[in-house]
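Take a look at the structure set out below.
The values are calculated or read from the model by the stated rules, or taken from the named source; none is laboratory data. From a predicted model like this one, the values you see are computed outputs, not experimental measurements. We place every Cβ from the backbone using ideal geometry, glycine too, and count neighbours over all the protein chains shown. What goes into the accessible areas is simple: the full protein's heavy atoms, side chains included, and nothing from ligands, DNA or RNA. Shrake-Rupley method; radii C 1.70, N 1.55, O 1.52, S 1.80 Å.
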Amino acid sequence: MSILLAADFTAAEWAAWWPALRAALPAETLVREGSEPAGFQLTDVDIALVANPPQGLLARMPSLRLIQSLWAGVDRLLADASLPRDVLLARMVDPAMSEAIAQTALWAVLSLHRRYFDYAAQQQRRDWQQLVQRRADEVAVAVLGLGEMGRAAALRLADNGYRVAGWSSRPVQLARITTFSGTTALASVLGQSEIVVNLLPLTPATRGLFGASTLMQMRRGASLVNLGRGGHVVEPDLLNALATGQLRRAVLDVFASEPLARDHAFWTHPQISVLPHIAALTDPRSAAQVVARNVNALRSGAPPAHLVEHARGY
Ligand code: GLV
């Protein structure tokens, strides 16, 4: 049987992924979608490693037993109506990505708290002004989503002295973090937080979460850091909340449509910081080991780790 790698990688990404996977899976036949060897057939594939695979491809592999996402978020895969629902689907859970997310969350919160974005704007105007300096423990931060990444971010923020509340749909216990769950609690967490970091998975339940009514539940003048998915935010409602002063700033790594269109209003908005979906890139060096563990589990009859529950959407 073969392992098919189907990904919309750039040449540089292929150059990093291919040798990392070859080294991690020395006994496996690895095939790259788009440069299949002569005689190869999709019926040979029992494991697919995927990053934005072509729509419909996974439905054409009758022997498929495991789909391993190379991305943490599987919302795009689940949105493909032809995804075979009876095949195991695993998310990428890599400690290196959790570390990257923790760093990005800390960078964004520090930048907001220490007014980096305001000072950058002042620099543009050659404006020398010292703004009020506050202590980290005066800044209440909420982290929405307490999966691997949300937990890593929440703990890193707490380590740096912030007052951190964590919210998740289902109850989660986390040392040093005050945690909440459920819709009613969400409104009160949002109402108390100066900075909200979104790390929820995108599911039918969370799509459009940051629309007008949730944005109104946030504390006036709060900032939103979206490291989840663009689909969590209703973009016109966000623009409106920034215009009315309900929100002070948004730091956005993800967008409804990516790459962000060149004429999109966010690019030049003075209260929005745009990042090109880089909060946690999958690192082939560590991710290849994660893939190998799941491949080896499947081959030895053990359950692969981090399987998606279709009913909950992640
Ligand atoms: C990045 O957004 C990922 O899902 O890995």
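The accessible-area ordering, largest first, of the residues Asp263, Asp237, Asp8, Asp94 stands as Asp263, Asp8, Asp237, Asp94, per a 1.4 angstrom probe.
Since only Tyr162, Thr10, Leu64 are under comparison, the one whose Cα sits farthest along the positive direction of the charge dipole of the chain, derived from C-beta charges on Lys, Arg, Asp and Glu, is Tyr162. For segment 144-161, 3J(HN,Hα) computed residue by residue from phi via the Karplus equation (6.51, -1.76, 1.60; θ = phi - 60°) reads 9, x, 10, x, 4, 6, x, 5, 4, 5, 4, 5, 5, 5, 5, 4, 9, x Hz, glycine and proline entered as x. Phi angles across segment 220-231 convert, under the Karplus curve 6.51 cos²θ - 1.76 cosθ + 1.60 with θ = phi - 60°, into 3J(HN,Hα) values of 4, x, 6, 10, 10, 10, 9, 10, x, 9, x, x Hz, Gly and Pro given as x. Ordering Val93, Ala185, Ala27 by Cα displacement along the dipole of the chain toward the positive end leaves Ala185 in first place; charges were set at the Cβ atoms of Lys, Arg (+1) and Asp, Glu (-1). Here's how it looks for Val45: its modeled amide H is under 5 Å from those of Ser2, Ser63, which are all 5 or more places away or on a different chain. Backbone amide hydrogens, once placed in the peptide plane, bring Val139 within less than 5 Å of Arg163, excluding anything fewer than 5 places away on its chain.
Close amide-amide hydrogen proximity is noted between Leu247 and Gly221, Leu242, each under 5 Å apart and 5 or more residues distant or on a separate chain (H modeled in the peptide plane; Pro and chain starts excluded). Comparing Thr43, Thr214, Thr178 in a Gaussian network model of the chain where C-alpha atoms under 10 Å apart are linked, the largest mean-square fluctuation is found at Thr43.
If you build a Gaussian network model of the chain, linking Cα atoms that sit under 10 Å apart, which residue out of Arg163, Arg262, Arg65 swings the most? Largest GNM mean-square fluctuation: Arg262.
Applied to segment 72-86, the Karplus parametrisation 6.51 cos²θ - 1.76 cosθ + 1.60 on θ = phi - 60° returns per-residue 3J(HN,Hα) values of 5, x, 10, 4, 5, 5, 5, 6, 7, 4, 8, 4, x, 6, 8 Hz, with x for Gly and Pro. In a reduced charge model with +1 at each Lys and Arg Cβ and -1 at each Asp and Glu Cβ, segment 11-120 shows a dipole moment near 240 debye about its Cα centre.
Our helix-only sum for the chain, with -39,500 (n - 2.57) per DSSP H run of n ≥ 4 divided by its residues, gives a mean residue ellipticity at 222 nm of -9500 deg cm²/dmol. The residues of the chain expose on average 49 square angstrom of accessible surface per residue, using a 1.4 Å probe on protein heavy atoms.
Shape analysis of the chain yields a ratio of the Cα radius of gyration to the Kirkwood radius, Rg/Rh, of 1.01.
Around the Cα centre of the chain, unit charges on the Cβ atoms of Lys, Arg, Asp and Glu (plus for the first two, minus for the last two) sum to a dipole of about 860 debye. When the Gaussian network model of the chain links Cα atoms closer than 10 Å, the mean-square fluctuations of Gln217, Gln173, Gln192 top out at Gln173. Here segment 18-68 is assigned +1 on the Cβ of each Lys and Arg and -1 on the Cβ of each Asp and Glu. Its dipole about the Cα centre then comes out at about 80 debye.
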